[in-house]
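The values are calculated or read from the model by the stated rules, or taken from the named source; none is laboratory data. Keep in mind that this is a model prediction, so the values were computed, not measured. For neighbour counting, all protein chains shown are included, and Cβ atoms are generated from backbone atoms with ideal geometry for every residue, glycine included.
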Amino acid sequence: MSNIHEQEIIEELYRMPVPRPDEAAEMLLRQHDITPLELKSVNNLLEDTNLQNEIGTVQLPSGGWLVAVKTFMPFVSSSMIPWWFWWYPQDTERFRVWLPGEHYNISVKEKYLYDGPFVDFYPSTQYPFELIGRKKLHLSMQYVKPHKFGFRRQTFRPNNIAVILCGHLGIIRGSIKHTEVVHIFKKQSNGLSVISRFWMGENILPAFQRTYFTEANAYEMGRHCQVEYTRLAQILPTLYNNFR
């Protein structure tokens, strides 16, 4: 860790209780009546408030699963999000304090993006080691620019879209990509809401799909996401105000 001041603040944040899953969201995650949105129609998420409010899972015709989550992040500004995704991969303790007990380790592929003053962090690949459900997973998260997912930037401002993070989640250092991920950060009166989607296991061999991309794992992905971003809202303003 870079200095004593940072260590003291992170130790203080560790003492803050990790939020429990929102009970209402947890109940909704067990339902299967969300819109089976195709990845090619992802721009609909920017304009359709009914889609934005969906929480749940649904099995797709491919046999994979779509997970929808919405999380509120009060007192978080749009400038905090890209800074955070650049700052936390530089030190494992920063990643751990994000979600104690479920985040273990982090590394990055393009280290040069994280060495200097913050400008941007993507396109880049991060390698988190974390607990999702009951499984400890060595993952790769390849972040790409939103236009690579087909997002139209001219629709961001009219719909109060502040930031979009999207990319390909995989294993074996990214050699197998199994999930497409989108987090849309929308401005609210007192912070941001996060509209998240995970297209899990759509382009995977059927045997692998049936084993690893199940209803239970779709639920656990949604639960992890909801707790993760609720916790981030809890700690990010303090970290940003001290270390930006």
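Identify the residue in the range 10-36 that is more than 18 Å from ILE195 (Cβ to Cβ) and β-branched (Val, Ile, Thr) and, among all such residues, is surrounded by the fewest Cβ atoms within 10 Å (Cβ to Cβ).
Per the stated criteria, the residue is VAL18.
Given the range 21-123, what strands (runs of 3 or more DSSP E) lie entirely inside it while holding 1 or more residues that are touching a Gly at 6+ places or on another chain (Cβ under 9 Å) and among the polar types (S, T, N, Q)?
It comes to 56-59.
Give all pairs with beta carbons closer than 8 Å in which a residue from the range 183-205 that is free of Cβ contacts under 8 Å to residues at least 60 places away in the same chain meets a residue that is in a strand (DSSP E or B) and buried (at least 20 other Cβ atoms within 10 Å of the Cβ); count only pairs at least 6 apart in sequence or on separate chains.
HIS183/ILE164; HIS183/LEU165; HIS183/CYS166; HIS183/VAL194; HIS183/ILE195; HIS183/SER196
Let's see how each residue does on (1) of a type in the set (Ser, Thr, Tyr); (2) modelled with pLDDT of 95 or more; (3) in contact with a strand residue (DSSP E or B) (Cβ under 8 Å, 6 or more places away or on another chain):
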| position | (1), (2), (3) |
| --- | --- |
| SER78 | yes, yes, yes |
| TRP84 | no, yes, no |
| GLU102 | no, yes, yes |
| PRO117 | no, no, no |
| PRO128 | no, yes, yes |
| PRO146 | no, yes, yes |
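Within the range 129-145, can you find the residues that are at negative phi and in contact with a helix residue (DSSP H, G or I) (Cβ under 7 Å, 6 or more places away or on another chain)?
Matches in the range 129-145: ILE132 only.
So, of the residues in the range 192-225 that are of a type in the set (Asp, Glu) and part of a helix (DSSP H, G or I), which turns out to be farthest from GLU38 (Cα to Cα)?
GLU220
Kindly list the number of the only condition in (1) under 29 Å from SER189 (Cα atoms); (2) at pLDDT 95 or above; (3) touching a strand residue (DSSP E or B) at 6+ places or on another chain (Cβ under 7 Å) that fails for ARG96.
(1)
Of (1) more than 13 Å from the chain's Cα centre (by Cα); (2) within 22 Å of VAL69 (Cβ to Cβ), ALA207 satisfies all except one. Which?
(2)
Counting only residues that are surrounded by 15 or more Cβ atoms within 10 Å (Cβ to Cβ) and free of Cβ contacts under 8 Å to residues at least 40 places away in the same chain, which one in the range 145-165 is farthest from MET80 (Cα to Cα)?
So, considering only residues that are surrounded by 15 or more Cβ atoms within 10 Å (Cβ to Cβ) and free of Cβ contacts under 8 Å to residues at least 40 places away in the same chain, the one farthest from MET80 (Cα to Cα) is PRO146.
Is it the case that some residue within the range 62-78 is of a type in the set (Lys, Arg) and more than 15 Å from the chain's Cα centre (by Cα)?
Checking the range 62-78: not a single residue is of a type in the set (Lys, Arg) and more than 15 Å from the chain's Cα centre (by Cα).
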